[in-house]
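What follows is a set of notes on a single structure, which appears directly below.
Values quoted throughout were computed directly from the atomic coordinates according to the rules given, and no laboratory measurement underlies them. Predicted model only: the values in this text are computed from it and were never measured. With ideal geometry, Cβ positions are generated from the backbone for all residues, glycine too; neighbour counts draw on all protein chains shown.
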Amino acid sequence: MSSLQQYGLLLALVVGTVGFILSIYAIARTFGKARPEPGKDVPATAGQLSREPVWVRYHARYYGYALLFLAFDMEMAYMYPWAVVYKQVGIVALLDMGVFLAILFLGLLYGWSQGALRRQ
Amino acid sequence: MNTLIILVLLLLGAYFVAVLENWISKGRFQLGAPLFAAVAFLGRESFIPRKPDQLFYEVGPVLLLLSAILAAAVIPLTPDLIITDLATGALFINAALVYVLVALLMAGWGPDGAYSMIGGWRFLGQLIAYAMLIVMPITAVAMRAESLLTTQIVVSQAELWNIVYQPLGFVLFFIASMALAFLPPFDMMIAKGELAGGVESEYSGMRLAIFRLGRLVLIITLAAATVVFYLGGWQGLPGIGLPPWAWSAIKILLVTAAMLLIGRYIPRIREAHLLSWCWIFGIPLALLNIFIVGVLVLEFP
């Protein structure tokens, strides 16, 4: 299979799965609709009806990790092609990536020393 | 044809996970229970919260199932039984599984309920903890195989399985994949006793059924990925003459059972603790694993 065909197959898989789910919803629908009753459609919170919307601002207490995560995630994008040619290139590849990872790792240690690795 | 066989096998696997989970967590071994539950879901009411974000609410469960199925599309069960042998297979699994986070965030945000919202945010924190421990061990696997083709990764383990070659990577990947599938010690976002169901709490009827099916397929997919990356895929132990598909099946079922059993004996882990453990211990260990494998690959190819 050419790679275009492979991605076509994956697209067909997505479409087929969505179709499967929709047809199941349709079958369930033939059993009848939900009966409208007061208070049924209100989200519950601690046993009470939730009156206020919850779409408000939250404090993401893991933002220290999240910033480090961005740096490491970018690094991983370069690691995959590196991993594939690693054995061909040999010890030079290990040193190249070693220097890169050492700098990143120092960054992790610095972040730790500055208190980034805890719930803020 | 392969596609159909694998989809049917995925459904069977999901059924098996449901039976096993019922057996392990509740102590009831009932072969028919998931079937009856699925039929009962058909007749249940499916009501929508008062003011939902309609798009997010509907897409959440569908996306969860889709991401699990797409990840399964590049996992080989035998040398030929694979949906598509993508040249970027090992990377594609990551890409597909990241949508688990998107699905849970959408399902948490959509219904405008406090419990589901908090469940969604908890999973975002959990992603920042486990994500690096999924990608870094896979990199080490790709280094040994010199390829991102999943079939090539299995072939590279012909002499020695990766669980022996890089045991550290296996342990990290196993734990991270349990966190990714929000299995028991890491199930703060959907646990019944935590947030009244968390992300699941505002779903009912068929949408809830699809959400749970997506979770079951995700578990069996991750077990299959663990087998492909670390347990030699379809390759058997020498001296035992079973066909390749039987080896794949046995290994996947054993890994699934291990994942479910471990969760039974560990208390739930808050995402704040998981974050600090993963970043202080997990990521240095994963980097060490890459370094050890790097040396090993050059010395003992």
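What is the list of residues in the stretch B:117-151 whose amide nitrogen lies under 20 Å from a point 7 angstrom out from the Cα of B:Arg270, following Cα to Cβ?
Label zone hits: B:117-130.
Please state the charge dipole magnitude for chain A, taken about the Cα centre, from unit charges on C-beta atoms (+1 on K and R, -1 on D and E), reported in debye and rounded to the nearest 20. Mind showing how you got there, number by number?
Details: 10 positive and 6 negative charges, 109 e Å.
In debye, rounded to 20, chain A gives about 520.
If I model a spin label as a point 7 Å beyond the Cα along the Cα-Cβ vector, how far apart are those points for B:Leu31 and B:Lys192 in nm?
2.5
So how far, in whole Å, is the C-alpha centre of the stretch B:265-295 from the one of the stretch A:1-66?
31
Taking the Cα centre of the protein assembly as shown as the origin, how large is its charge dipole in debye, to the nearest 20, when only Lys and Arg (+1) and Asp and Glu (-1) carry charge on their Cβ atoms?
1180
Output the peptides A:103-110, A:65-72 sorted from most to least packed, where packing is the average of other Cβ atoms within 10 Å over each peptide's residues.
Output ranking for A:103-110, A:65-72: A:65-72, A:103-110.
What are the extents of the Cα atoms of chain B along their three principal axes, in Å, largest first?
Per principal axis, max minus min of the Cα coordinates gives 63, 42, 36 Å.
Based on alpha-carbon centroids, what's the gap between the stretch B:246-262 and the stretch B:91-139 in Å, whole number please?
One Cα centre to the other: 24 Å.
Report, as an integer, the average count of C-beta atoms from other chains found within 10 Å of each Cβ along A:68-74.
4
Per 10 Å bin, what percent of the C-alpha pairs of the stretch A:1-74 does each bin hold, from zero upward?
Histogramming the stretch A:1-74 at 10 Å steps yields 13, 15, 18, 32, 18, 3 percent.
Of B:Lys192/B:Lys251; B:Lys26/B:Lys192; A:Lys33/B:Lys51; A:Lys33/B:Lys26, which sit over 22 Å apart, Cα to Cα?
Details: B:Lys192/B:Lys251 30 Å; B:Lys26/B:Lys192 13 Å; A:Lys33/B:Lys51 18 Å; A:Lys33/B:Lys26 32 Å.
Pairs exceeding the cut-off: B:Lys192/B:Lys251; A:Lys33/B:Lys26.
Taking the Cα atoms of the stretch A:63-113, report the difference between the largest and smallest coordinate on each principal axis, in whole Å and largest first.
Answer, in whole Å and largest first: 39, 18, 8 Å.
Along the charge dipole of the protein assembly as shown, which of A:Ala28, B:Leu260, B:Cys278 sits closest to the positive end, that is, farthest toward it, with unit charges on the beta carbon of Lys, Arg, Asp and Glu (+1, +1, -1, -1)?
A:Ala28
Can you pull the mean other chain C-beta count within 10 Å for peptide B:116-122?
Working: counts 2, 6, 2, 0, 0, 4, 0.
The mean count of partner-chain Cβ atoms within 10 Å per residue comes to 2.
To two decimal places, what compactness ratio does the stretch B:22-64 give when its Cα radius of gyration is scaled by 2.2 N^0.38 Å? If you can, show how the numbers build up before the last one.
Details: Rg = 15.1 Å, N = 43, 2.2 N^0.38 = 9.2 Å.
The reported ratio for this selection is 1.64.
Determine the shielding of peptide B:83-92 by partner chains: average, over its residues, the number of Cβ atoms on other chains within 10 angstrom of each Cβ.
The per-residue average across the peptide is 4.
Per the Cauchy relation, a quarter of the hull surface: what is the mean projected area of the convex hull of the alpha carbons in the protein assembly as shown, in nm²?
Average of the hull's projected areas for the protein assembly as shown equals 21.6 nm².
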